Amino acid sequence: MTGAAEWRLRVEALDKTFTLHLQGGLRIPVLRGESLVVHAGECVALSGPSGAGKSTLLRCLAGTYGAGGGRILVRDPAGAVTDLAAADARTVAALRRNVIGYVSQFLRVIPRVPALDIVAEPMIARGMPKEAAREAAAVLMRRLNLPDRLHRLPPATFSGGEQQRVNLARGFGAGHPILLLDEPTASLDAGNRAVVIGLIAEAKARGAAIVGIFHDAEVRDAVADRHHPIRPLPDAA
Amino acid sequence: MSAPLLSAEGLTLRFGRVPALLGVSLDLFPGEVLAIVGESGSGKTTLLRVLSGQAAPQEGRVLYRGQDIAAMGEAALRRLLRSEWGYVHQNPRDGLRMSVSAGGNVGERLMAAGVRHYGRIRAAAREWLARVEIDPARMDDLPGTFSGGMQQRLQIARTLVTHPALVFMDEPTGGLDVSVQARLLDLIRGLVADLGLSVLLVTHDIAAARLLAGRILVMRRGEVVEQGLTERVLEDPQHPYTQLLVSSVLAA
């Protein structure tokens, strides 16, 4: 083994086209031949104009969108490699539970479930005992300036920034080996942006491979090791 | 990975010329919630009835723990439905005994499973009523005096008291007010996670499927037109019918 960190995520010739059957079968190609390699401990920032397909790529990597062609190879910490693009639903679910963490732009609020439980859930799913997970969740939430009085409340009534911080705590808490971040600081103030920069640095230090979309130049410059441009495709004829 | 708890292979059932099921196959694995969605008349409820042995398919077979349920015989199947299986009906009146008290409804299923000690049965009934958020002070009241949401929670307590491995749910939130639905869905979500239940959930409510199910299966006119990870099917639907179904949901 050399000193170089090994790759965690390898995207090869990925295609993604949406077919809108309700619009007469309109085809919208978004990604064509996309390739990307991300190593352990590395943070890659996707760049490119709005609508170029950055979020689409991230969602393909998260398994939320199905790939149209190509491969998305995921290497788990034990060294096993799985092609997410060809995996069945249960394999994708297992990868998302154990290997791939995804912080979406918006929190999906579940009625009646307290913020603390939303944050603790992925840790419990990865096998942490319930009480330890709730304790770790509370610590992380305090660090993201979510005071204890909010922990027991469902986040439906929280502000956009508070909801995003719940989402971030949920995404970072479980320590996934691969992290996907879709504009993690979009609605945060300077103080909380600094907390997120710290969380990303710590995730890299423990060897996480990170792919993110960062519109905030300050955050991007602080965390990204390199940029990966996504170029918009010409419209299909 | 583990073997499936329940499998269906090529189920076909026609009522006259109308196909209710056309070559439906599926696997349900231990601890997972599989949602079956589609509009009325798509064959969802028929599928649930066939999977739970209440209707026989014309073609295909259903395996529970690898055993063909058609070869089990009536008595064994009834025993399964009393113990390892549970069935939650859309209308709680179909799953409850309306002339028996709330506590009796829960205790009765325990007795059918062989528990005899009266004090223990009553204690279990009390515990389960509390668990489904029914005031145990009402355990001697008849279900007819309960609201629709309470009746549905009582049916769930009656079903789960024997700790079934597999629960069939047919539109469990169907006839309820929206505010009551949210509470019931959250209750089901918590119980499924705590008890590690395997659930086949028939629903036309996409939001309920998203909340509860890891995988989803979309039916139309007796056929499975699409299936996969719930989030993927709802965020990136491939079949025209699924796209129509997903785009028809009002965002709240």
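Observations
- Unique match (being closer than 30 Å to A:Gly79 by Cα and in contact with a Phe, Trp or Tyr (Cβ under 7 Å, 6 or more places away or on another chain)) among A:Leu180, A:Leu168: A:Leu180
- Selected residue (only one of B:Met98, B:Met111 is free of Cβ contacts under 8 Å to residues at least 12 places away in the same chain and within 27 Å of B:Gly149 (Cβ to Cβ)): B:Met111
- Yes/no for B:Leu81 being of a type in the set (A, V, I, L, M), surrounded by fewer than 20 Cβ atoms within 10 Å (Cβ to Cβ) and modelled with pLDDT under 95: yes
- Taken together, A:Glu135, A:Glu121, A:Glu131 contain a single residue that is on the phi < 0 side of the Ramachandran plot, touching a residue at least 24 places away in the same chain (Cβ under 8 Å) and charged (D, E, K, R), which is A:Glu121.
- Residue match in segment B:164-174 (condition: at the interface with another protein chain (Cβ under 9 Å from one of its Cβ atoms) and of a type in the set (Phe, Trp, Tyr)): no
- Selected residue (criterion: surrounded by the most Cβ atoms within 10 Å (Cβ to Cβ)) from residues of segment B:107-159 that are farther than 22 Å from B:Gln181 by Cα and touching a Leu at 6+ places or on another chain (Cβ under 8 Å): B:Ala125
- Flag for A:Leu146 being modelled with pLDDT of 95 or more, assigned to a loop (DSSP other than H, G, I, E, B) and among the hydrophobic types (A, V, I, L, M, F, W, C): yes
- Looking only at residues of segment B:63-78 that are surrounded by 15 or more Cβ atoms within 10 Å (Cβ to Cβ) and part of a helix (DSSP H, G or I), we find that the one that is modelled with the lowest pLDDT is B:Leu77.
Quick grid of which residues meet (1) buried (at least 22 other Cβ atoms within 10 Å of the Cβ); (2) assigned to a helix (DSSP H, G or I); (3) of a type outside the set (Lys, Arg):
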site	(1), (2), (3)
A:Val74	yes, no, yes
A:Ala87	no, no, yes
A:Phe106	no, no, yes
A:Arg142	no, yes, no
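- All of B:Leu191, B:Leu234, B:Leu184, B:Leu211 fail the test of being closer than 19 Å to A:Gly66 by Cα, within 14 Å of chain A (Cβ to nearest Cβ) and not in a strand (DSSP E or B), apart from B:Leu234.
- The residue that is nearest to the other protein chains (Cβ to nearest Cβ), among those in segment A:108-123 that are crowded, with 19+ Cβ neighbours inside 10 Å and β-branched (Val, Ile, Thr), is A:Ile110.
- Candidate set: segment A:4-52, residues that are within 12 Å of another protein chain (Cβ to nearest Cβ) and assigned to a strand (DSSP E or B); chosen: the one farthest from A:Ile213 (Cα to Cα): A:Leu26
- Residue check, A:Val109 modelled with pLDDT under 95 and closer than 23 Å to A:Leu31 by Cα: no
- Segment B:17-62, residues that are part of a strand (DSSP E or B) and over 14 Å from B:Leu201 (Cα atoms): B:Val18, B:Pro19, B:Ala20, B:Leu21, B:Leu22, B:Gly23, B:Val24, B:Ser25, B:Glu59, B:Gly60, B:Arg61, B:Val62
- Residue satisfying all of: in segment B:4-16; touching an Asp or Glu at 6+ places or on another chain (Cβ under 9 Å) and not in a strand (DSSP E or B); surrounded by the fewest Cβ atoms within 10 Å (Cβ to Cβ) among these: B:Pro4
The values are calculated or read from the model by the stated rules, or taken from the named source; none is laboratory data. Everything numeric in this text was worked out from a predicted model, so none of it was measured. Note that each Cβ is placed from the backbone with ideal geometry, even for glycine, and that neighbours are counted across all protein chains shown.
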